[in-house]
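The block underneath contains the structure these notes are about, expressed in structure tokens.
The values are calculated or read from the model by the stated rules, or taken from the named source; none is laboratory data. Just so you know, these numbers come straight off a predicted model, no measurement behind them. Don't worry about glycine lacking a Cβ; one is built from the backbone with ideal geometry, like all the others, and counts go over all protein chains shown. For accessibility, only protein heavy atoms count, side chains too; no ligands or nucleic acids. Shrake-Rupley method; radii C 1.70, N 1.55, O 1.52, S 1.80 Å.
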Amino acid sequence: MSRSQPDEARRQQPLIVRPSRSDEITVLAELAARWFSDAFAKDNTPEDLEAYLSTAMTPEKFEEEFADENSLFLIAESDNEVVGYARLRFLARSDAIEASAPVELHRLYAAGDRKGAGIGSALLKECCKQSVERGCDVMWLGVWEHNPSAIAFYERKGFRTVGGHQFLLGASVQNDRIMQRALKAGDT
């Protein structure tokens, strides 16, 4: 199917979620920066956004994260096009989380033109599966307090708010909710 077909036809292509390969990291970093910017540019200054992207969403930073043995990148693709990704950080801790083997859902993003197509749900399902297979008992994440659609998504998926922390976006100090959900065998 060509990219010139309507978005609705593209959304009907099978969605595949799989671990990322090292040769995809540069492209993934570029997509991640674009999707992050698409999601948050309207609510932040260009200077703060650029400062964050120039340190957190570079190919070099993604290569460093990919090389971390406690990190896993998952890619969602449809029709050989990357349409979303997630990053897990195994054994990452937060003071708000009580768990013997926690996993942080550090990032989960879908292409802006694909929101509502089930990409986030598919990625989260695979994140849970991968985490249970590695013996994790709790999944947690930080989500910006001014992102009601993401908060509602995670609440529908069984996450609950258990605390908060601050997140630095450039020079802007922002507040994130810490949300968690228990994991168990067979969890998806």
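List of remarks:
- Top-ranked residue in the range 115-141 [being touching a helix residue (DSSP H, G or I) at 6+ places or on another chain (Cβ under 7 Å) and modelled with pLDDT under 95; ranked as farthest from Phe36 (Cα to Cα)]: Ala117
- Test for Val173: is it β-branched (Val, Ile, Thr) and closer than 17 Å to Phe40 by Cβ: yes
- Selection count where residues are free of Cβ contacts under 8 Å to residues at least 60 places away in the same chain, basic (Lys, Arg) and open to solvent by less than 40 Å² (accessible area, probe 1.4 Å), scope the range 85-119: 1
- Members of the range 123-140 that are among the aliphatic types (A, V, I, L, M) and open to solvent by 30 Å² or more (accessible area, probe 1.4 Å): Val132
- Residue within the range 43-62 that is touching a residue at least 40 places away in the same chain (Cβ under 8 Å), hydrophobic (A, V, I, L, M, F, W, C) and open to solvent by less than 20 Å² (accessible area, probe 1.4 Å) present: yes
- Apart from one condition, Val143 fits all of (1) open to solvent by less than 60 Å² (accessible area, probe 1.4 Å); (2) closer than 24 Å to Phe167 by Cα; (3) over 11 Å from the mean Cα position of the chain (by Cα); the exception is (3).
- Criterion violated by Glu126 - all others in (1) within 20 Å of Arg18 (Cα to Cα); (2) without any contact (Cβ under 8 Å) to a residue 40 or more places away in the chain; (3) among the acidic types (Asp, Glu) satisfied: (2)
- Filtering the range 9-30 to residues that are surrounded by 19 or more Cβ atoms within 10 Å (Cβ to Cβ) and either in a helix (DSSP H, G or I) or under 16 Å from the mean Cα position of the chain (by Cα) (or both) leaves Arg10, Val17, Ser20, Ile25, Leu28, Ala29.
- Scanning the range 80-96 for residues that are part of a strand (DSSP E or B) and charged (D, E, K, R) yields a count of 3.
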